[in-house]
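Structure first, commentary second.
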Amino acid sequence: MSYEKVTQAKNGIIIGTKQALKALRENRVKEVIIAEDADVRVTNKVLTLAEELDVPVYPVDSMKKLGQACGIEVGASAVAIKR
């Protein structure tokens, strides 16, 4: 389900934890997708900030599949969908 959201929102996505954090701080995110197989140390800051800001977080099972849904050849641990 969330992979489809990412694919459909292709022009409105922010890929990666650093960029997602920046966008969250700037209030530009309506939801976040996190890969469950990503390192918790990498995704924890995004999860924490999203919860503080009441931004919905949706888990997906695979970084590789999430990266593919974004149209990149590497895995993605976090993707933010823009407002």
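The values are calculated or read from the model by the stated rules, or taken from the named source; none is laboratory data. What you see is a predicted model; the values in this text were computed from it and never measured. A quick note on method: Cβ atoms are made from the backbone with ideal geometry, for glycine too, and the neighbour counts reach across all protein chains shown. To get the accessible areas, we keep the full protein, side chains included, count just its heavy atoms, and leave off ligands, DNA and RNA. Shrake-Rupley method; radii C 1.70, N 1.55, O 1.52, S 1.80 Å.
Quick look at the numbers
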{"item": "Where a residue in the stretch 41-52 is more than 14 Å from residue 16 (Cα to Cα) and its partner, wherever it lies, is assigned to a helix (DSSP H, G or I), with Cβ under 6 Å and at least six apart", "result": "49/24"}
{"item": "Restricting the stretch 57-83 to residues that are touching a strand residue (DSSP E or B) at 6+ places or on another chain (Cβ under 8 Å) and in a loop (DSSP other than H, G, I, E, B), the residue that is surrounded by the most Cβ atoms within 10 Å (Cβ to Cβ)", "result": "76"}
{"item": "Search result, residues across the stretch 1-20 that are open to solvent by less than 20 Å² (accessible area, probe 1.4 Å) and aliphatic (A, V, I, L, M)", "result": "6, 14, 20"}
{"item": "Close pairs (7 angstrom Cβ cut-off, 6 or more residues apart or separate chains): closer than 11 Å to residue 7 by Cα in the stretch 60-75, open to solvent by 20 Å² or more (accessible area, probe 1.4 Å) and among the small types (Gly, Ala, Ser) anywhere", "result": "66/75; 67/75"}
{"item": "Candidates 54, 37 - the one that is charged (D, E, K, R), at positive phi, assigned to a loop (DSSP other than H, G, I, E, B) and out of contact with any Pro (no Cβ under 9 Å at 6 or more places or on another chain)", "result": "54"}
{"item": "Of all residues in the stretch 34-56 being more than 14 Å from residue 14 (Cβ to Cβ) and in contact with a Leu (Cβ under 7 Å, 6 or more places away or on another chain), the one that is surrounded by the fewest Cβ atoms within 10 Å (Cβ to Cβ)", "result": "53"}
{"item": "Residue match in the stretch 14-21 (condition: touching a Leu at 6+ places or on another chain (Cβ under 8 Å) and assigned to a helix (DSSP H, G or I))", "result": "yes"}
